[in-house]
1. Within segment 39-64, which residues are open to solvent by 70 Å² or more (accessible area, probe 1.4 Å) and outside any helix (DSSP H, G or I)?
2. Tell me which residues, restricted to segment 7-49, are modelled with pLDDT of 90 or more and among the aliphatic types (A, V, I, L, M).
Amino acid sequence: MITITLPEIEILSNAIDESSIEVYDETRNIFNPIKIEDYTAFATKQKQIVEEEAIENGLYSQAATKAQDVIIK
């Protein structure tokens with residue numbers, strides 16, 4: 001009998017396509033100035049949201065199924 005143990009499933013990379021983001025110069029807008037910190041916080045939050053949605057949509061179970069299929073074949 002051969003026993004194969006796989007590491008726990010985890011997301012290794014979560015990158016946002018920078019070309020899909022549009023940043024407007026709002027630094028001089030007196031009503032709603034945007035700072036670099038705002039962009040950084042936004043990007044971080046969006047990565048978290050996408051990761052949570054992927055997990056909720058079955059990313060981990062799909063990964064486990066694919067890993068089992070590859071090992072069995």
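1. N57
2. Selection gives I9, I49.
The values are calculated or read from the model by the stated rules, or taken from the named source; none is laboratory data. Bear in mind the structure is a predicted one, so any value in this text is a computation, not a measurement. Please note that ligands, DNA and RNA were not included when accessible areas were found on the heavy atoms of the full protein model with its side chains. Shrake-Rupley method; radii C 1.70, N 1.55, O 1.52, S 1.80 Å.
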